[in-house]
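What follows is a set of notes on a single structure, which appears directly below.
The values are calculated or read from the model by the stated rules, or taken from the named source; none is laboratory data. Because the structure is predicted, anything quoted here is derived from the model rather than measured. Cβ coordinates were reconstructed from backbone atoms using ideal geometry, including for glycine residues, and neighbour counts include every protein chain displayed. Remember, those area values only see protein heavy atoms, side chains included, never the ligands or the DNA or RNA. Shrake-Rupley method; radii C 1.70, N 1.55, O 1.52, S 1.80 Å.
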Amino acid sequence: MDQWVLANTIRLRIWGVLIAGLIVAIWIGQQTADNPLYIPVYLVAGALFLILWILPDDWFWLMCAASLFFTGNFNFLPADLRPYEILAIVGVGRFILHHVILKHEGLKSGPKFELYLILGFMSVIVLHGLKTRFGMKILGSPVWGGRPYVSAILSLLVYFILQTMPMDLKKWRWLPIVVFIPALFDLFTGLLTHYVPSTINLIYHFYSAVNISGIEGVDVTERIGALASFGSPLVLCVLAYISLRRLFIPKTWPAAVLLVVGFALCLQGGYRSSVLNVALIIAAASLRDFKLWAWVPFGLFVVFMFGLAVLHSNEVITLPLQVQRGLVFLPGKWDTEMQDNADGSNKFRFDIWDRWSERYFANEPFFGRGFGFDQSKLNKSEEYNIGDTYEAGMDNFTLTQNLHNGFLSSIDSIGIIGCLFFITWVMTTLARVVLVLLRRDTNRQGPALRWLTVYLFMWSLSFWAGSLQFATFLPTQMVLAGLLVRLWQEYEHEAKRSHLNKTATAVAA
């Protein structure tokens, strides 16, 4: 039976590659007729696709998890889909071919209680999708609604696939490094387009996460998002392999330097959310490495933060303007322009929330309004302000569901009913994270599980007050929560097998 499955798998892979290659070749020919610059790019993309198709399951899903962390789209790919969405589609196809058609395997659902919670809020999403024909525009901008529906449903399938497929813990130990690659890529493109604006037009043809501040002109309050987006992943990657306890050993001081660099980059980025994210990462790592004494290292971190504010306020040191922008939530004497910029940002958010509660929440409090917006609103000038005014900006943000608050974004998308299931599910995942962090064997859990627990601790808490949208948060949370459940199961099985082997060896001796 195994030989029959293997032989048919090889045949189907070959035919799949041939058919896909023919379709892609025709499409490339049409796309590159007037722009030969795309030819080498498509050839490289085709080679990468072929490699991903024939990769073993563990390596493929490692790449899929990493693709969640690209902040932009690869614009040369068809349909303007995110890299994760492309890989998720390929992964679902691989699973159906290799496991369902050939091996006649079914999907496993994971923990039953969490399954019911997921089905609860996903039912609200599907009902919205059926009502609006899933946002109609699947391709193009995500504000139309089609793409978020695709991404949510794909992520649910990926969650089930991760519960079903076999896993090799030795391969998954590379997870922290693999997911760090997108951060390096974004840092390179962000800094290059910031300091060499002439490269923007070239790079944007292929990747959308470019920095246009060099074209628009940089003012004193300008923040460099590439630095902030790189600092947190660097801290996470280091803490996945190194315990906070070991940072006091001289041979691990290079890791301590990397931690300091990561935190400094977050400060220099100028985003308050990045600074708070690092604080949550340190809190999770402290809980993992010091257990009930976690308040000691985290307390030292908090004292250091307040110490920076005190030293700057008393003119002992002078912090860069961007650092001041990131620390304005602390009491201190900060630069006036930075303080005004932060206050203006806060006011704009409160005004958006008021506008949303009046126009949208009041109409759909229990089930929300799904993904995307009603195009008919655009034709009602009395309801939608067009132009470059403050009022028009608020209307634009509320209409496109960019509410700059995760909690309100969740209610806006799936309503109070959906949020009862969704929030309970996120808190259940967070409870599992805390239980894993508090275990005594965290040093032996492997880098993947150590990275997941710290990241999910930060991700699950920062979402509620942060500026992420529900449609952006959900795919990452779904995939990583599923991965956490599966890796924890594999780790438990591995620990039991190791214990039995030690017992058998002791008895034999």
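What size of dipole, in debye to the nearest 20, comes out for the range 205-353 about its Cα centre when the only charges are +1 on Lys and Arg C-beta atoms and -1 on Asp and Glu C-beta atoms?
Values: 11 positive and 10 negative charges, 177 e Å.
Result for the range 205-353 is approximately 840 debye, rounded to the nearest 20.
Which entries in the list 291/333; 112/496; 131/171; 291/347 go over 32 Å, if you measure between the two C-alpha atoms of each?
Among 291/333; 112/496; 131/171; 291/347, the Cα-Cα distance tops 32 Å for 291/333; 131/171; 291/347.
Which distance in nm do the two modelled labels at residue 362 and residue 112 give, with both placed 7 Å along the Cα-to-Cβ direction?
Here the answer is 4.5 nm between the modelled labels.
For the pair residue 170/residue 246, report the inter-label distance in nm, with labels modelled 7 Å from Cα in the Cβ direction.
In this crude label model, residue 170 to residue 246 measures out at 2.0 nm.
Given H placed 1.01 Å from N in the peptide plane, which residues other than close sequence neighbours of residue 211 have an amide H under 5 Å from its amide H?
When sequence neighbours closer than 5 places are left aside, the close amide H contacts are 193, 194.
³J(HN,Hα) across the range 189-197 via Karplus (A = 6.51, B = -1.76, C = 1.60, θ = phi - 60°), whole Hz, x for Gly/Pro?
My calculation for the range 189-197 gives 5, x, 5, 4, 6, 6, 8, 10, x Hz in order.
How high is the FRET efficiency between residue 400 and residue 181 when r is their beta carbon distance and R₀ equals 41 Å, given to the nearest 0.05? Write out the running numbers ahead of the final one.
Numbers: r = 30 Å, r/R0 = 0.74.
Efficiency at R0 = 41 Å is approximately 0.85.
Which FRET efficiency value, to the nearest 0.05, is calculated for residue 316 and residue 127 with the Förster distance at 51 angstrom and r the Cβ-Cβ distance? It would help to have the intermediate numbers written out before the result.
Numbers: r = 59 Å, r/R0 = 1.15.
The computed FRET efficiency comes out at 0.30.
Using 0.36 nm per residue, how much length does the chain from residue 103 to residue 304 gain when fully extended, once their Cα-Cα distance is taken away? Present the calculation step by step, with values, prior to reporting the outcome.
Working: separation 201, 0.36 × 201 = 72.36 nm, distance 5.65 nm.
Extra length from residue 103 to residue 304 when fully extended: 66.7 nm.
Using only Cα atoms, figure out Rg for the range 230-343 and give it as a multiple of 2.2 N^0.38 Å. All intermediate terms of the calculation are to be shown ahead of the outcome.
Values: Rg = 14.7 Å, N = 114, 2.2 N^0.38 = 13.3 Å.
After normalising by residue count via 2.2 N^0.38 Å, the value is 1.10.
What does the accessible area per residue of the range 161-302 come to in Å², with a 1.4 Å probe and no ligands, DNA or RNA counted? Each step should come with its number before you reach the end.
Values: 6580 Å² over 142 residues.
Ligands and nucleic acids excluded, the result is 46 Å² per residue.
Give me the one-decimal nm value for the distance between modelled label points at residue 407 and residue 493, 7 Å along each residue's Cα-to-Cβ direction.
Placing both labels 7 Å beyond Cα along the Cβ direction yields 4.0 nm.
For residue 343 and residue 92, what does the FRET efficiency come to when R0 = 41 Å and r is the distance between their Cβ atoms, rounded to the nearest 0.05? If you can, show how the numbers build up before the last one.
Working: r = 46 Å, r/R0 = 1.13.
FRET efficiency, residue 343 to residue 92: 0.35.
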